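Undergrad: After the structure tokens below, expect a handful of questions from me.
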Amino acid sequence: MAKTKLSVEAADPPAVSRTPEEHEHDTSRQFVIFHSAGEMFAVPLAEVKEIIRVPDVVRMPLSPPALLGLANLRGTVLPVLDLRRLFNLPAVEVDDASRVVVLDQGQPVGLMVDRMANVVTVDADRVEPVDRVKATIDTDLLTGMIKDADGKTIVMIIDVARTIGRDFAAAAARVAGGQGEVVPLATERDVAGQPEVADEEQLVSFMVDGQEYAFPIGEVQEIVQLPAAITPVPGAPGHVLGVTTLRSRILPLVSLRALFGFDDQALSEANKVVVVSVADGAHDRISVGVVMDMVKAVLRVNRALVEPVPATLGQSGGHGDIRAICRLDEGRRLVSVLGANGMFDLDVLRGLHGDEAAAATTTQEDGFMAIEIVDDAQFVVFRLMDEEYGVPVEAVREIVRVPDQLTRVPRAPDFVEGVINLRGTVLPVIDQRRRFGLDEVERSDRQRIMVFTIDGRDTGFIVDSVSEVRRIATAAISPAPELSGERGRVVQGVANLHEQRRMILLLDMNCLVEPDEDEALSHLEERWAA
């Protein structure tokens, strides 16, 4: 067996030549010793993969208190548990001496301890039963204790699988029965077992000069922040801001304000870049970053509301920028639907890439798009406190501002913040912070209501802010560690964006509302409608 590398002071036991008979009767074992809450604990060395400093963690919603969160361990999602909380010991602040012992339990699991001690080799006669351990420690979670030669020092040996399994039954079952079945994330073709609705169209809408525009979501690769560095291109048209790099690819940046002839405006953090794909020939594609004033919403609209652009409007510059008009709110809200193909001069785009770069980029783009269609999924990313969450873009019906006042409904369930009238439909609204047991905050302009369709019913969830719509490679998505308790199954996967040092918790839409709560919502709507 390969020797485990440990970042603690340890000495290898001297090599001893044994006969087969002596080896058979040798019951000495090696343990890793550490301190927690004034006590000394041990785990078998064979179960220890490594020992690391306490990493940054992403907190899991609705999880037992012992789960500190998820960490990125060289591209692997690592659940980190607090040993003190597992044993109901007094809490303590993490300091420079704190460490995480990474254990192999069918999947890597980290155990945070106060500080490390050493690695020891213990003869079997020094391991005693657990009945002499102090009553403050749950002896059911121990396999024995090591008594030092002085007769006073006691080291408790942790039963790792049982300790984890007490609060995380699913993880214990996984350790006992193997890896189990991995349920794949929903794709655009399979949302909660339902096929995509044929008479609906999904749009990403945004604002430019006070007007609302949209791209069909199939043309949008992702939405990103405006980069800090933009390289100007001499001789480029006025609407071309310059070029930047996006994951080692050249990305031309175009100002939609300038392209449409609107007044110039200084760029700020509020600006967003919608990355669209433009056809360049039968197979090649070029990515273009279109700079908007702000991203407004992800819309899911009936195709009957999307009409061809009236002939009297003409076409901007002969390029056919606007291909349709979407009429919402009984015609009071007009959204101009753009078409990326035909908006831009392909010769200019190729020139921005450069001949050699263009050839390389189109090849990469072609492969990139092929990968995205097959192996990527689109998510709407939003924030709660300091964490990022993602939901499949096809599950988001729309995103709206939080009104100044929600209507409170007498005798409504505690989890319901109120109801709003969304175009003649009663929409129950749930505060997602309260839902996940997070601290509540005052309402702000950044908060949004994300409208999800769950089991055929539209329900709104208040989130702190909506960050972006992005494609995430399925290779970067792993099933959520089964360590978050029964209700914590709301997180079905983790997108580990290693290079960006980001983790996005991907939610299972079917677990956002419990069956009994779904029935309560149904009664609420019936009572309100009456």
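The values are calculated or read from the model by the stated rules, or taken from the named source; none is laboratory data. Computed from a prediction, not measured in an experiment: that's the story for all the values here. In this analysis, Cβ positions are derived from the backbone assuming ideal geometry, glycine residues included, and neighbour counts consider all displayed protein chains. All accessible areas refer to the heavy atoms of the entire protein, side chains included, with ligands and DNA or RNA removed. Shrake-Rupley method; radii C 1.70, N 1.55, O 1.52, S 1.80 Å.
Undergrad: Work out the FRET efficiency for Ile325 and Ala475 from their Cβ-Cβ distance, taking R0 = 25 Å, and round it to the nearest 0.05. Mind showing how you got there, number by number?
TA: Numbers: r = 39 Å, r/R0 = 1.57.
That gives a FRET efficiency of 0.05.
Undergrad: Then there is this: At 0.36 nm per residue, and after removing the present C-alpha to C-alpha distance, how many nm does the segment from Phe415 to Ala270 gain when stretched out fully? Walk me through the numbers on the way to the answer.
TA: On the way: separation 145, 0.36 × 145 = 52.20 nm, distance 3.20 nm.
Length difference between fully extended and current span is 49.0 nm.
Undergrad: Moving on to the next point. So what is the relative contact order of segment 431-482, in percent, for Cα pairs below 8 Å that sit 6 or more residues apart? Intermediate results must be reported in sequence, preceding the final value.
TA: On the way: 40 pairs, mean separation 15.7, N = 52.
Normalised by residue count, the contact order of segment 431-482 is 30 percent.
Undergrad: Can you compute the FRET efficiency between Ile52 and Glu440 using 1/(1 + (r/R0)^6), with r the Cβ-Cβ distance and R0 = 30 Å? Round to the nearest 0.05. Present the calculation step by step, with values, prior to reporting the outcome.
TA: Working: r = 34 Å, r/R0 = 1.14.
Efficiency, from the Cβ-Cβ distance: 0.30.
Undergrad: Give, as a single signed number, the net charge of other residues whose beta carbon lies under 15 Å from the beta carbon of Val240, with Lys and Arg counted +1 and Asp and Glu -1. Let's see the in-between values first.
TA: Values: positive: Arg257, Arg350; negative: Asp264, Asp345, Asp347.
Cβ neighbours under 15 Å give a net charge of -1.
Undergrad: Check which residues have an amide H placed less than 5 Å from Asp321's amide H, if you skip close sequence neighbours.
TA: The answer is Ser316.
Undergrad: Give me the one-decimal nm value for the distance between modelled label points at Asp199 and Arg457, 7 Å along each residue's Cα-to-Cβ direction.
TA: In this crude label model, Asp199 to Arg457 measures out at 2.4 nm.
Undergrad: Pairs of Cα atoms under 8 Å, at least six residues apart: use those to get the relative contact order of segment 376-431, whole percent. Can you show the working numbers first?
TA: Details: 54 pairs, mean separation 10.9, N = 56.
For segment 376-431, the relative contact order is 20 percent.
Undergrad: Further question: Would you check the accessible area of Thr153, probe 1.4 Å, heavy atoms only, in square angstrom rounded to 10?
TA: About 40 Å², ignoring ligands and nucleic acids.
Undergrad: What size of dipole, in debye to the nearest 20, comes out for segment 30-97 about its Cα centre when the only charges are +1 on Lys and Arg C-beta atoms and -1 on Asp and Glu C-beta atoms?
TA: Working: 6 positive and 8 negative charges, 46 e Å.
About 220 debye.
Undergrad: For segment 104-110, take each phi angle, set θ = phi - 60°, evaluate the Karplus expression 6.51 cos²θ - 1.76 cosθ + 1.60, and give the result in whole Hz per residue in order, putting x for glycine and proline.
TA: 9, 10, x, 8, x, 9, x
Undergrad: Something else now. For a quick check: with amide H placed at 1.01 Å from N, whose amide H comes under 5 Å from Val491's, ignoring anything fewer than 5 positions away on the same chain?
TA: Asp508
Undergrad: With every protein chain in place, what's the accessible area of Lys49 (1.4 Å probe, Å², nearest 10)?
TA: 100 Å²
Undergrad: Right, another one. Once phi is turned into θ = phi - 60°, what whole-Hz ³J(HN,Hα) does the Karplus curve with 6.51, -1.76 and 1.60 give for every residue of segment 448-460, x standing for Gly and Pro?
TA: Coupling constants for segment 448-460: 9, 9, 8, 9, 10, 9, 10, 6, x, 10, 7, 9, x Hz.
Undergrad: Next question, about the same structure. With a ≥ b ≥ c the root eigenvalues of the C-alpha gyration tensor of segment 404-448, is it rounded (a/c under 1.5), prolate (a/b larger than b/c) or oblate? Intermediate values should be presented prior to the final figure.
TA: Working: a/c = 2.09, a/b = 1.28, b/c = 1.64.
Oblate shape, in that a/c is at least 1.5 and b/c is the bigger or equal ratio.
Undergrad: Express in whole angstrom the spacing between the alpha-carbon centres of segment 30-91 and segment 412-475.
TA: Between the Cα centres of segment 30-91 and segment 412-475 lies a distance of 32 Å.
Undergrad: Something else: Using the Karplus curve 6.51 cos²θ - 1.76 cosθ + 1.60 with θ = phi - 60°, work out ³J(HN,Hα) for each residue of segment 411-416 in order, rounded to whole Hz, and write x for Gly and Pro.
TA: 6, 6, x, 4, 7, 8
Undergrad: Mind grabbing the accessible area of Met40 for me, 1.4 Å probe, Å², rounded to tens?
TA: Surface open to solvent at Met40 totals about 50 Å².
Undergrad: Residues with amide H under 5 Å of Asn118's amide H, sequence separation 5 or more or different chain, H placed in the peptide plane at 1.01 Å from N; which?
TA: When sequence neighbours closer than 5 places are left aside, the close amide H contacts are Ile33.
Undergrad: Suppose R0 equals 22 Å. What FRET efficiency, 1/(1 + (r/R0)^6) with r the Cβ-Cβ distance, do Arg332 and Phe262 give to the nearest 0.05?
TA: Details: r = 22 Å, r/R0 = 1.02.
About 0.45, to the nearest 0.05.
Undergrad: Any idea what Rg and Dmax come out to for segment 421-468 if you just take the C-alpha atoms, in Å?
TA: Rg then Dmax for segment 421-468, in Å: 11.5, 32.
Undergrad: Could you give the length gained on full extension between Thr231 and Thr407, defined as 0.36 nm per residue of separation minus the Cα-Cα distance, in nm? Kindly include the intermediate steps, with their values, before the conclusion.
TA: Details: separation 176, 0.36 × 176 = 63.36 nm, distance 4.97 nm.
The Thr231-Thr407 span can extend by a further 58.4 nm.
Undergrad: Say each of Ser465 and Thr425 gets a label point 7 Å from the Cα, pointing the same way as Cα to Cβ; how far apart are those two points in nm?
TA: In this crude spin-label approximation the distance works out to 2.8 nm.
Undergrad: Quick check: pseudo-label points 7 Å beyond the Cα along Cα→Cβ at Thr121 and Glu499, how many nm apart are they?
TA: That separation, rounded to one decimal, is 4.7 nm.
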